[in-house]
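See structure below.
The values are calculated or read from the model by the stated rules, or taken from the named source; none is laboratory data. As the structure is a computational prediction, the values presented were derived from the model and not from experiment. In this analysis, Cβ positions are derived from the backbone assuming ideal geometry, glycine residues included, and neighbour counts consider all displayed protein chains. Ligands, DNA and RNA are excluded from the accessible area calculation, which covers all protein heavy atoms including side chains. Shrake-Rupley method; radii C 1.70, N 1.55, O 1.52, S 1.80 Å.
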Amino acid sequence: PVISYLPDLSWWQGDGLGEYLDVFQALVMPQTSVLVGNHGTLSRWLLPDWNQSRPPTARDIAKAAETLDVPFVLVTGIPLPEQHIDNVLASTETVIGSSKFEMFDGNFNGAGDTLSAALTALLAAGNDLGAAAQEALEYLDRSLANGFRPGMGQLIPDRMFWAQPEDAGEAGDAAD
């Protein structure tokens, strides 16, 4: 299976963005098994003319992705009340899985990359899509919870959190 990640490209100015998205749609999407992306990013790209009073659901996004031959979407960052987000794996017919997490303070660079890489590895190891998505989301949550700021920029997910002694993370938190 091919896992494709569409990052937030709102920073991109100029004509190159449209060309990039056209190429992504023409060359990558027909080979994609699961499209991974943030709710806002996927909504803006796949449903640019959305005019309903409610925001699009993961299934609405999956229906739009299916028109590009993509059978599944993993939609992240769907806003929920009380500082929580939902992450939904969906097809046009059904929601396969849903994982709710508490939002983190701060902006992360590499969260979507971490999630899509984890999902790819789990699927390559022979895991079922639903179980792989759940485990990848849990891994991402732990990576973000242990994230660090290497300089003055955005936080980076700590993908190696599992290799650290339990008390090392607490000592690192005190240094922040």
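Look through D60, D49, D22 and report the one residue that is outside any helix (DSSP H, G or I) and either open to solvent by 80 Å² or more (accessible area, probe 1.4 Å) or of a type in the set (D, E) (or both).
Exactly one residue qualifies, and that residue is D49.
With respect to G106, determine if the residue is touching a residue at least 12 places away in the same chain (Cβ under 8 Å), under 30 Å from G151 (Cβ atoms), buried (at least 17 other Cβ atoms within 10 Å of the Cβ) and small (G, A, S).
So G106 does not fit the description; no.
Suppose we keep only residues that are open to solvent by 40 Å² or more (accessible area, probe 1.4 Å) and either acidic (D, E) or under 11 Å from the mean Cα position of the chain (by Cα) (or both) within the range 63-93. Which one would you say is farthest from A111 (Cα to Cα)?
Looking at residues that are open to solvent by 40 Å² or more (accessible area, probe 1.4 Å) and either acidic (D, E) or under 11 Å from the mean Cα position of the chain (by Cα) (or both), I get E93.
Return yes when A121 is surrounded by 14 or more Cβ atoms within 10 Å (Cβ to Cβ), under 19 Å from T41 (Cβ atoms) and aliphatic (A, V, I, L, M) and no when it is not.
No, not satisfied.
Do you know which residues across the range 94-103 are closer than 19 Å to A62 by Cβ and open to solvent by 50 Å² or more (accessible area, probe 1.4 Å)?
Initial filter on the range 94-103 (closer than 19 Å to A62 by Cβ): 94-100.
Passing the criteria: T94, V95, I96, S98, K100.
M160: open to solvent by 60 Å² or more (accessible area, probe 1.4 Å), within 22 Å of L80 (Cβ to Cβ) and among the hydrophobic types (A, V, I, L, M, F, W, C), yes or no?
Here the answer is no, as M160 does not meet what is asked.
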